[in-house]
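Asks: This structure is in structure tokens; I'll ask about it shortly.
Each reported figure results from applying straightforward, stated rules to the coordinates on display, with no laboratory input. Keep in mind that what you see is a predicted model, and the values were worked out from it rather than measured. All Cβ positions, even for glycine, are placed from backbone atoms using ideal geometry, and neighbour counts span all protein chains on display.
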Amino acid sequence: MKLGIIGATGRAGSLILAEAEQRGHEIVALVRDRRKLTSATACIEKPVLELDRSDIQGLDVLVSAYGVPLGREHEHLDATRHLLNILRGTSTRLIVVGSAGHLFTSSARTSRYYETELKPGPLRNGSAVLRQVTDMLAACPDVTWTYLAPAIEFQPNGPRTGTYRTGGDVVLCDGQGRSQISYADYAIALIDEIEQRQHLNQLFTVAA
């Protein structure tokens with residue numbers, strides 16, 4: 001398949017790119033600064049809000065690993081709105097690299113993680129914004145999308161084990177009560193989802 005990856009030079013995006021390349025997919029990196037790109041893959045150097053339909057033409061999947069600095073979380077809304085606008089009427093599927101912060105804390109679904117576990121500040125604000133992102137996706141029936149939330153402990157330097165568990169909109173914990181996954185295993189799960197298409201127009205989460 002032909003995949004576009006927004007944020008392909010970031011911590012998550014670079015591992016997603018590497019996993020996709022290892023499996024033989026054709027990649028187009030959509031980045032703000034091509035000098036940070038270590039792969040020899042094709043590249044489009046543009047801010048996300050300047051991408052247009054010609055940039056996504058021919059893509060089977062567009063992965064958004066778009067990252068913003070703390071304090072500018074609202075930019076996720078602008079980016080998502082723009083991507084949905086250029087994807088409408090196309091067959092390109094959108095996969096969003098998400099957050100665990102707005103997942104429910106239990107199957108009762110009475111509270112979300114950020115509401116009870118995060119102090120007021122950028123992380124809590126960011127989780128609230130990404131909750132709005134999922135609402136925006138769900139309200140756009142003419143774009144095929146998937147939102148993949150990692151575990152609460154999203155570990156940049158964690159091992160690549162090749163195994164993970166999937167869940168829905170509730171924080172996924174192990175037998176010791178921890179919710180964790182490495183960036184490398186998250187990348188595996190994301191490319192698996194691209195290939196297997198099991199969560200179309202859904203939010204889901206993965207954990208070790």
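Asks: Using the 10 angstrom Cβ neighbour count as an exposure proxy, how do 92, 166 rank, fewest first? The partial results should precede the final answer.
Replies: Numbers: 92 21, 166 15.
Least to most surrounded, the residues fall as 166, 92.
Asks: What is the helix-to-structure angle for 11-22, meaning the angle in degrees between its Cα long axis and the longest Cα principal axis of the chain, kept from 0 to 90 and rounded to the nearest 10?
Replies: 60 degrees
Asks: Another question about this same structure. By how many degrees, 0 to 90 and rounded to 10, does the Cα axis of helix 183-196 deviate from the longest principal axis of the chain?
Replies: Helix 183-196 sits at roughly 70 degrees to that axis.
Asks: Taking Cα atoms, how many degrees apart are the long axis of helix 75-87 and the longest axis of the chain, rounded to 10 and kept between 0 and 90?
Replies: Value to nearest ten degrees: 50.
Asks: Please give the calculated 222 nm ellipticity per residue for the chain, where each DSSP H segment of at least 4 residues contributes -39500 (n - 2.57) and the sum is spread over every residue; nearest 500 deg cm²/dmol? Could you put the intermediate results ahead of the total?
Replies: Numbers: 6 runs with 65 residues, N = 208.
Value at 222 nm, helices only: -9500 deg cm²/dmol.
Asks: Hey, another quick one. How large is ³J(HN,Hα), in whole Hz, for each residue of region 104-117 in order, when computed from phi with the Karplus curve 6.51 cos²θ - 1.76 cosθ + 1.60 and θ = phi - 60°, using x for Gly and Pro?
Replies: With coefficients 6.51, -1.76 and 1.60, one gets 6, 7, 8, 5, 5, 6, 9, 8, 9, 3, 5, 6, 10, 10 Hz.
Asks: Quick one: which residues, 5 or more positions from residue 27 or on another chain, have an amide H under 5 Å from its amide H? H modelled 1.01 Å from N in the peptide plane, none for Pro or chain starts.
Replies: 3, 42
Asks: Per the Kirkwood definition applied to all pairs of different Cα atoms, how many angstroms is the hydrodynamic radius of region 29-182?
Replies: 17.0 Å
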